[in-house]
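The values are calculated or read from the model by the stated rules, or taken from the named source; none is laboratory data. Given the structure is predicted, the values throughout are model-derived calculations rather than measurements. Every residue, glycine among them, receives a Cβ derived from its backbone with ideal geometry; neighbour counts consider all protein chains shown. The protein model used for the area step is the full one, side chains on, heavy atoms only, and it has no ligands, DNA or RNA in it. Shrake-Rupley method; radii C 1.70, N 1.55, O 1.52, S 1.80 Å.
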Amino acid sequence: MSGATKLQSATKQVHEPPRAILGPTGNRARVLEEARRKIEVLRKSQQKPNKAVEKMSQAAVKNNLSVDSTCSSDSSSSFSSGVSSSSGKNVKHYGIKIVKDVRNGREIKDVSSKKERPVKRCDWITPNSDPLYMSFHDEEWGVPVYDDRKLFELLVYSQALAELSWPAILHMRDIFRKLFDNFDPSSIAQFTEKKLLSLRFNGNLLLSEPKLRAVVENAKQMLKIQQEFGSFSNYCWRFVNQKPLRNGFRYARQVPVKTPKAELMSKDLMQRGFRCVGPTAVYSFMQVAGFVNDHLKACFRYQECNVDVKKDFKPKSEETEIVTEALGNTCVSHD
């Protein structure tokens, strides 16, 4: 029995791991010290790559690039088209958001932002619309006009809509202005028959003969209105009480082709000798010249055209009464 006990104790001594050497405060303190050292070593090893990344980010900011683009070739290919050289100017980048770096005050492009939504326009303007027509909608259509020459030009275009579309007219606008002497009514009023028949483009008349004769006759009548009311603008704006009408339609199908105001102006113009000025043509003229804001309510131009209203156009009350009385005497119904 004593021999077996000795063998067991010997095997226990062989397989038993060596004990840690006691320190001044015991084994527990020594183990804690070793653990702390390991933690410090891990912290130092983790801090080294962070410094490298920080250096890379600083270099990327200097080059006006994203940090991800310097680390991955895949990320650089996704937004390389939106990155430009740093020139100190604000450049609009689609799909890239400018984020300010709080540490150094510089701007960094955030490629994680989504693309900006397209601008909402009236329903008759689509992505497939003529760019010139789209630009005309965004910059001119519905903006209040007070210049006589410009008003006469828009009246001619509104009459031409019976034969041409807006995109076709806009592409020929320079030709219209050249042949009609920049729509100077005093010059057009003196057009002879020979001059009238010479208004051609690519061998064809710019408009039909009745339309061309109407332009010349309307120029003569416009000169008379300028003498009576001071300007053609004063005459036209009386029909809407000096302020554009705002319809605020939601759908294109709600926009009318003529209104009582257009019929009133049409009748008065006819009474004064104007030609080809039916209610439909007159309402197109009122829309494009800003007498009425027919941009759809969801269109971004609806509010902008309201802001473009001329504020200092306030005629004297006496002039208003005289003009109103003159209009009342001349507005005669026509079948």
Relative packing of 118-129, 283-294, which averages over residues the other C-beta atoms within 10 Å, highest first
283-294, 118-129
Peptides ranked, highest mean first, by Cβ atoms within 10 Å: ranges 256-269, 151-164, 197-210:
151-164, 256-269, 197-210
Per the Cauchy relation, a quarter of the hull surface: what is the mean projected area of the convex hull of the alpha carbons in the stretch 182-243, in nm²?
5.3
Greater than 25 Å separation of Cα atoms is the criterion. Which listed pairs, 178/261; 211/243; 211/258; 120/267; 178/211, meet it?
178/261; 211/243; 120/267
Between residue 150 and residue 227, what FRET efficiency follows from the Cβ-Cβ distance if R0 is 22 Å, with the result rounded to 0.05?
0.70
If I model a spin label at residue 120 and residue 143 as a point 7 Å from the Cα along the Cα→Cβ vector, what separation in nanometres do I get?
2.3
Once you list every other residue whose beta carbon is under 11 Å from the beta carbon of residue 149, what net charge do they have if Lys and Arg are +1 and Asp and Glu are -1?
-3
For the stretch 144-268, which whole-number percentage of the solvent-accessible area (1.4 Å probe, protein heavy atoms only) is attributable to carbon and sulfur atoms?
48
